[in-house]
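A short write-up of the structure that comes next.
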Amino acid sequence: MVVIGVDAHKRSHTLVAVDEVGRKLAERTVGTTSEDHLKVVEWAGQWPEARFAVEDCRHVTRRLERDLLSAGCAVVRVPTQLIAASRRSGREPGKSDPIDALAVAHAALREPDLAVAQLDGPTREVKILVDYRHNLVVQRTELINRLRWHLHEIDPKMHIPARGLRRYCVIDELARQLASCDGLVARIARELVTRCRELTVQINALERELRERVRILAPTLLEVPGCGVLGAAVILGETAGAQRFRSKDAYARFSGTAPIPVWSGSSSGKVRLNRGGNRTINCALHMIAITQIRGIGPGKDYVDKLLARGKTRKEALRLLRRRLSDVVFRALLADEHGVGQRPATTEFGLLPQAA
């Protein structure tokens, strides 16, 4: 077997081929267009069992992965931390594109269970919509903060309720009040109100589109108590396919809900909070847990039992997030497999599927 490690950049890709024991066979640097990628496929044809290993940074490697997969090549994704460890243990000092490509190939040889690259599906469209909506929400929040300062200068009695500028009726009433005000600050405030309404229209339209997509792609996930449309869209887009995880425990580590072991000798079994993983999914799981604790779901009884055993509220919430990670993982698998009948519910939302 030959592994071709790829160090990808916006303008160029450097490839290094190694044999099954890690000896360097060849090296090549190409551009980033589809024509350049076709040359890579032709170059790799001299090794019939060659497979490609790319660093898991899909914003740079997405076109390369798509062209390689379309040509029938095998591609695996190597996490960044594995590449850094391989580079530190290398015999050649320094850092360059060939050194990094060689480190990618060595990491792929050392790790047998790497994620296999797949062509992007509808979940990526969900992620793009979620990210775009998030950017618009950030813009609207910044605009509202600036608008409130202008309103205070115009008339301190202009009271806007918290989160009120997300509602059309409040926006229209504010625009009516500002219409009778003169001055530069009032003019800028009117323009900000107009822009706020435009952003709100865009945000609401994106939310409706996400609702339609999520109801088709993840109906089982939506049945988890406390999981709304936006939370399900975030989980769906960030997961990018639950089948690429070998188990629910691997998914829990990906979501940052699996604790990290920190013990030696007599401290056997001690763990600490995992601050890594995908924090976006972790935040979505946290919101589901908070919703269930407030009584909309079965998580409240579980947390109450933990509190009665002496756990703190934070510890109980972390344990609930870990359980919810398994529930979400099973729901995602059920949706991807197209299960006809919905899984039965249990204390955390869904029963595990039969093997």
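The values are calculated or read from the model by the stated rules, or taken from the named source; none is laboratory data. This one's a predicted model, so the numbers in the text were calculated from it and none came from an experiment. No Cβ is skipped: glycine too gets one built from the backbone with ideal geometry, and neighbour counts run over all protein chains shown. These accessible areas exclude ligands, DNA and RNA; they are computed on the full protein's heavy atoms, side chains included. Shrake-Rupley method; radii C 1.70, N 1.55, O 1.52, S 1.80 Å.
Assuming R0 = 56 Å, can you tell me the calculated FRET efficiency for the pair Ala26 and Asn204, based on Cβ-Cβ distance, to the nearest 0.05?
On the way: r = 54 Å, r/R0 = 0.97.
Step by step, r from the Cβ atoms, then E = 0.55.
Over 27 Å between Cα atoms: which of Lys127/Lys248; Lys95/Lys127; Lys95/Lys270 fall into that group?
Numbers: Lys127/Lys248 22 Å; Lys95/Lys127 33 Å; Lys95/Lys270 37 Å.
Lys95/Lys127; Lys95/Lys270, as the Cα separations exceed 27 Å there.
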- In nm, what is the difference between 0.36 nm times the number of residues separating Ser268 and Asp131 and their Cα-Cα distance? 45.1 nm
- Task: From largest accessible area down, sort Ile171, Ile216, Ile144; use a 1.4 Å probe on the protein chains.
- Result: Ile216, Ile144, Ile171
- Quick calc, the stretch 1-135, dipole around Cα centre from Cβ unit charges on Lys, Arg (+) and Asp, Glu (-), nearest 20 debye, gives 360
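How many Å² of accessible area per residue for the chain, probe 1.4 Å?
Values: 19840 Å² over 355 residues.
Each residue of the chain exposes 56 Å² on average to a 1.4 Å probe.
In the stretch 204-306, what trypsin sites (Lys or Arg not before Pro) fall in a loop by DSSP, with at most 14 other Cβ atoms inside 10 Å?
On the way: sites: Arg208, Arg211, Arg213, Arg215, Arg244, Arg246, Lys248, Arg253, Lys270, Arg272, Arg275, Arg279, Arg294, Lys300, Lys305; in loops: Arg246, Lys270, Arg275, Arg294.
The qualifying sites are Arg246, Lys270, Arg275, Arg294.
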- Item | Distant alpha-carbon pairs in the stretch 90-216 (separation over 23 angstrom), percent | 56
- Report the one residue of Thr80, Ala250, Pro161 whose Cα lies farthest in the direction of the positive end of the charge dipole of the chain (charges on C-beta: Lys and Arg +1, Asp and Glu -1; origin at the Cα centre). Pro161
- Query: Where does helix 229-239 land angle-wise versus the long Cα axis of the chain, in degrees 0 to 90, nearest 10?
  - Reply: 20
- Degrees, to the nearest 10: 313-337 long Cα axis against longest axis of the chain: 70
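Arranged from highest to lowest average of other beta-carbon atoms within 10 Å per residue, in what order do the peptides 69-77, 231-239 appear?
Numbers: 69-77: 16.1, 231-239: 25.6.
Ranked by mean Cβ neighbours within 10 Å, highest first: 231-239, 69-77.
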- Query: In debye to the nearest 20, how big a dipole does the chain give about its Cα centre with +1 on each Lys and Arg Cβ and -1 on each Asp and Glu Cβ?
  - Reply: 1400
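Would you work out the relative contact order for the stretch 34-133, in percent, from Cα pairs under 8 angstrom that are 6 or more residues apart?
Once divided by the residue count of the stretch 34-133, the mean separation gives 28 percent.
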- Query: Got a number for the accessible area of Glu65? Probe 1.4 Å, square angstrom, nearest 10.
  - Reply: 10
- Query: Once you put a point 7 Å from the Cα of Ser96 and another 7 Å from the Cα of Ala71, both along the Cβ direction, what distance in nm separates them?
  - Reply: 2.5
- Query: So what is the relative contact order of the chain, in percent, for Cα pairs below 8 Å that sit 6 or more residues apart?
  - Reply: 12
- Query: With charges set only on the Cβ (+1 for Lys and Arg, -1 for Asp and Glu), what does the dipole of the stretch 187-249 come to about its Cα centre, in debye to the nearest 20?
  - Reply: 140
- Query: Which length gain, in nm to one decimal place, applies between Glu42 and Glu111 when the Cα-Cα distance is subtracted from 0.36 nm times their residue separation?
  - Reply: 22.2 nm
- Note on the structure: Of Asn145, Asn278, Asn135, the most mobile residue in a GNM of the chain (C-alpha springs, cutoff 10 Å) is Asn145
- Ignoring any ligand, DNA or RNA, what whole percent of the accessible area of the chain comes from carbon and sulfur when the probe is 1.4 angstrom? 52
- Query: What is the helix-to-structure angle for 168-178, meaning the angle in degrees between its Cα long axis and the longest Cα principal axis of the chain, kept from 0 to 90 and rounded to the nearest 10?
  - Reply: 60
- Along the charge dipole of the chain, which of Trp43, Ile171, Ile290 sits closest to the positive end, that is, farthest toward it, with unit charges on the beta carbon of Lys, Arg, Asp and Glu (+1, +1, -1, -1)? Ile290
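Using DSSP to call loops (not H, G, I, E or B), can you name the trypsin sites (Lys or Arg not before Pro) in the stretch 142-172 whose Cβ has at most 15 other Cβ atoms within 10 angstrom?
Of the trypsin sites (Lys or Arg not before Pro), the ones in loops of the stretch 142-172 whose Cβ has at most 15 other Cβ atoms within 10 Å are Lys157, Arg163, Arg167.
Evaluate 2.2 N^0.38 Å with N set to the residue count of the stretch 156-253, then give the Cα radius of gyration divided by it.
Working: Rg = 20.4 Å, N = 98, 2.2 N^0.38 = 12.6 Å.
Compactness ratio reported: 1.63.
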